[in-house]
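One structure is given below, encoded as structure tokens.
The values are calculated or read from the model by the stated rules, or taken from the named source; none is laboratory data. Since we're looking at a predicted model, the values are computed, not measured. For neighbour counting, all protein chains shown are included, and Cβ atoms are generated from backbone atoms with ideal geometry for every residue, glycine included. Ligands, DNA and RNA are excluded from the accessible area calculation, which covers all protein heavy atoms including side chains. Shrake-Rupley method; radii C 1.70, N 1.55, O 1.52, S 1.80 Å.
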Number of protein chains: 2
Amino acid sequence: MAFDDAKGMAIALEEAKKSYEEGGIPIGGCLLHEDGRVLGRGHNKRVQDGSPILHGETDTLNNAGRLPGDIYKHCTMYTTLSPCNMCTGTCLLYGIPRVVMGENNTYVGGEDWLKHKGVEVVNVQSKECEELMQKFIREKPELWNEDIGV
Amino acid sequence: MAFDDAKGMAIALEEAKKSYEEGGIPIGGCLLHEDGRVLGRGHNKRVQDGSPILHGETDTLNNAGRLPGDIYKHCTMYTTLSPCNMCTGTCLLYGIPRVVMGENNTYVGGEDWLKHKGVEVVNVQSKECEELMQKFIREKPELWNEDIGV
């Protein structure tokens, strides 16, 4: 069954905008099953929860809760920004076979590693995702650096 | 300054035992600064918190809280078991330069990726860490498989 990429990315972007409105880092995620179910959605919560491990993708998986390993093999992870090494490794741990990102002009994470491990990686080159991140980085550069460990 | 590996690993093992006693997955971690401070300690909380992203290392970093990126560059991450891809990627995101594991006979995670990225990886080959994991896996094999996405 084909994934509804427009749906997955729309949810991820909604989450990113929600985080921005909360004063947080505007990166969102969505875990979509091939049968169309949204298994999880979430956003970066460094500011909101004081957490260095809740990025868009990890918060999404955390919100999806405990799942049997087989389920992840039928999912796509949507994220508004190229996944960092933490989120890359998390997708690999669970064997998520497909990752769709909003953009990678702002930041390039572990895309090469994903591809090396056989994950399908798609960049939808969303101007809206990119503009949101650029606005945020102009406003709070130190927060962005903290989030990527710089 | 040299790291006190015996101290770091003792704390990680304490955390692993604590998790076992709580009915959880017995993997623990500790983040030690080169000046001797314990910045964080933690353990797998899949069972305790229903979380698929709280492993020994990620829980340790979460408990350490938000830190400036520079601090991680002066730390060693201790973990009772070879770090999975998620925890490997998390160490890489924050530029932790040294990872010390209790053992890798039970499971081999992303050690190659760590070494490829220039991280110093040490295996202390702890029989106590290995026996604790082997006992747990005999008792709850399905829980272990869930934690590694199988």
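Numerical summary
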item	result
Dipole moment magnitude, nearest 20 debye, region A:1-93 about Cα centre, only Lys, Arg, Asp, Glu C-beta charged	140 debye
Calculated label separations, residue B:37, copies of the chain, 7 Å along the beta-carbon direction, nm	4.5
Qualifying GluC sites (Glu not before Pro) for region B:1-98 [loop in DSSP, other Cβ within 10 Å: at most 16]	B:22, B:34
Residue of chain B nearest the B-to-A rotation axis [by Cβ], rounded angstrom distance	B:89, 1
Per residue value of the accessible surface for region B:57-150 (all protein chains in place, 1.4 Å probe), Å²	39 Å²
Over 29 Å between alpha carbons, listed pairs A:45/B:18; A:45/A:115; A:18/B:18; A:7/A:117; A:73/B:73; A:115/B:18	A:18/B:18; A:73/B:73; A:115/B:18
Helix-only mean residue ellipticity at 222 nm for chain A, each DSSP H run of n ≥ 4 adding -39500 (n - 2.57), per residue, nearest 500	-13000 deg cm²/dmol
Region B:28-114 - convex hull of the alpha-carbon atoms, volume per residue in Å³	83 Å³
Region A:1-65: relative contact order in percent, alpha carbon pairs under 8 Å with at least 6 residues between	28 percent
Relative contact order, percent, chain A [alpha-carbon distance under 8 Å, six or more residues apart]	19 percent
For residue B:118, inter-copy label distances in nm, listed shortest first [label point 7 Å out on the Cα-Cβ vector]	3.1
Sparsely packed trypsin sites (Lys or Arg not before Pro) within region B:1-90, loop by DSSP, other Cβ within 10 Å at most 15	B:37, B:66, B:73
Percent of alpha-carbon pairs separated by more than 27 Å within chain B	12 percent
Percent RCO, i.e. relative contact order, over region B:61-111, from Cα pairs under 8 Å lying at least 6 residues apart	45 percent
Where only C-alpha atoms are counted, convex hull volume of the protein assembly as shown per residue in Å³	112 Å³
Exam field: residue B:134 pseudo-label spacings to other copies (7 Å along Cα-Cβ), nanometres	5.8
Burial of 40 Å² or greater, region B:90-116 residues [accessible area, probe 1.4 Å, versus chain by itself]	B:93, B:94, B:113
Solvent exposure, largest accessible area first (probe 1.4 Å, DNA, RNA and ligands not counted), of B:59, A:5	A:5, B:59
Region A:37-104 versus region B:81-150: alpha-carbon centroid distance in Å	20 Å
Aspartates and glutamates whose Cα lies under 16 Å from that of residue B:140, excluding same-chain neighbours fewer than 8 positions away	B:21, B:22, B:130, B:131
